[in-house]
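Engineer: Dumping the structure here so I can ask a few things about it.
The values are calculated or read from the model by the stated rules, or taken from the named source; none is laboratory data. Please read these numbers as outputs of a predicted model, since none were measured by experiment. Every residue, glycine as well, gets a Cβ built from its backbone with ideal geometry; the counts of neighbours run over all protein chains shown.
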Amino acid sequence: MYWENPTILLGLWVLPLVGLLLVHAERRRRAAARRFADAAMVARLMPALRGPRPWIKGILILVGLASLIVAGARPRFFSYVEKVTQRGLDLFVLLDVSRSMTAEDVAPNRLERAKSDIRDLLPKLLGDRVGLIAFAGKPVISVPLTTDQGFFLSALEEVDIHSAPRGGSLIGDAIRKAMEAMPPERDRDHVVLLISDGDDQDSYAEDAAKQAAERGIKIFTMGLGDSHEGARIPIRDASGGKSYLKYQGQEVWTKLNPRVLEQIALAAGGAYIPAGTQAYDLGQIYAEHLAGLARSEIQSEKRKRYAEQFQWFVCLGVGLLLLEMAVPSYRRSSVREPAGEEE
């Protein structure tokens, strides 16, 4: 037997207290009757106070409450075998967290837009393993490959421009980090989703993409930002005031560099997603490219499950409480009035 919410069972400690209260109430009721009149008169005017009915009603209340508490703990027993399918896809998301990703040519900025798109993609990855690598001048594994999407989302919320040490943007190093973290399993498809503005500082990203292709790792790239005019890089001080990054007295402007991202996707057998400054549904990319990969390697296995049985305890508890209400507290008095004398 298994319990979904075992802490609910702590409520069973309340039952002795309820039992004491019922005993106390019954004793008070009998004491009040005895104060009302002497024993002979009470026997004539009130129902009989002796008998098992008050105790039977008390037991029904206690057992009914116990059944409802057990139902709240959601017991599972009576096992059965269930066929479970598991997809064969490992996906690492490489998220650029360099300072240029704070540019606001995409609302609210490039980084927050990327995080929002990743959140929208996750429901499509049920059963797949997904990991997160944040990179700038150095890549950092924020989330290893996992099927725990709650953990992934929690880590994703914490990602910002301080999630990776050193400034700059080395896309090639991020790809090589993903290859190191990918387990060499032949029965699973390996995919990398790179989200960046394409700014790269001679990290030999295309060479890294070719190495990934040799290992059978496909790389899909998504470019964020304006490729024509670009945008300035905001800086906020402690009071919330905003200024813009400057270099040698001039404000720095950052543009989307689609060429780098296109070359990476081409070298690794993936596809380039030119999101730019427009809204783009990553779920569509999954449907067009990744869903087919996942379906090609579906694995099935049988797992032992336990059926929930709380409904039986709910019915028992409610039934006992209704029965307690239907049972009268006392039997009717069996004392008969003496026959009158004939005149």
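Engineer: Counting only residues that are surrounded by 14 or more Cβ atoms within 10 Å (Cβ to Cβ) and over 30 Å from I285 (Cα atoms), which one in the range 245-260 is modelled with the highest pLDDT?
Structural biologist: Here the answer is V252.
Engineer: Okay, moving on. Determine, yes or no, whether A212 is buried (at least 23 other Cβ atoms within 10 Å of the Cβ), in the same structural domain as P139 (by TED's automatic domain parsing) and under 15 Å from F135 (Cα atoms).
Structural biologist: Taking the combined requirement at face value, the residue does not satisfy it.
Engineer: Would it be correct to say that L132 is touching a Lys or Arg at 6+ places or on another chain (Cβ under 7 Å) and surrounded by 18 or more Cβ atoms within 10 Å (Cβ to Cβ)?
Structural biologist: Taking the combined requirement at face value, the residue does not satisfy it.
Engineer: Inspect the range 125-143 for any residue being within 21 Å of E288 (Cα to Cα), assigned to a helix (DSSP H, G or I) and out of contact with any Gly (no Cβ under 7 Å at 6 or more places or on another chain) and give the result as yes or no.
Structural biologist: Scanning the range 125-143, I find at least one residue that is within 21 Å of E288 (Cα to Cα), assigned to a helix (DSSP H, G or I) and out of contact with any Gly (no Cβ under 7 Å at 6 or more places or on another chain), so the answer is yes.
Engineer: Within the range 195-204, track down each residue that is touching a helix residue (DSSP H, G or I) at 6+ places or on another chain (Cβ under 6 Å), not in a strand (DSSP E or B) and not small (G, A, S).
Structural biologist: D197, D199, D200, Y204
So that you can scan it fast, the table gives a plain yes or no per residue for (1) of a type outside the set (A, V, I, L, M, F, W, C); (2) under 28 Å from the mean Cα position of the chain (by Cα); (3) outside the structural domain of I219 (by TED's automatic domain parsing); (4) modelled with pLDDT of 90 or more:
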residue	(1), (2), (3), (4)
A134	no, yes, no, yes
G167	yes, no, no, no
R176	yes, no, no, yes
R186	yes, no, no, no
D189	yes, yes, no, no
S196	yes, yes, no, yes
Y204	yes, no, no, yes
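Engineer: Take the residues in the range 168-183 that are hydrophobic (A, V, I, L, M, F, W, C) and in a loop (DSSP other than H, G, I, E, B), then tell me which one is surrounded by the fewest Cβ atoms within 10 Å (Cβ to Cβ).
Structural biologist: Per the criteria, the residue is M182.
For (1) part of a loop (DSSP other than H, G, I, E, B); (2) without any contact (Cβ under 8 Å) to a residue 24 or more places away in the chain; (3) within 18 Å of A103 (Cα to Cα), each residue gets a yes or a no:
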position: R166; (1), (2), (3): yes, no, no
position: E185; (1), (2), (3): yes, no, no
position: L193; (1), (2), (3): no, no, no
position: A209; (1), (2), (3): no, no, no
position: A213; (1), (2), (3): no, no, no
position: M222; (1), (2), (3): no, no, yes
position: D226; (1), (2), (3): yes, no, yes
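Engineer: Hey, among the residues in the range 104-127 that are acidic (D, E) and out of contact with any Phe, Trp or Tyr (no Cβ under 9 Å at 6 or more places or on another chain), which one's surrounded by the most Cβ atoms within 10 Å (Cβ to Cβ)?
Structural biologist: Per the criteria, the residue is D105.
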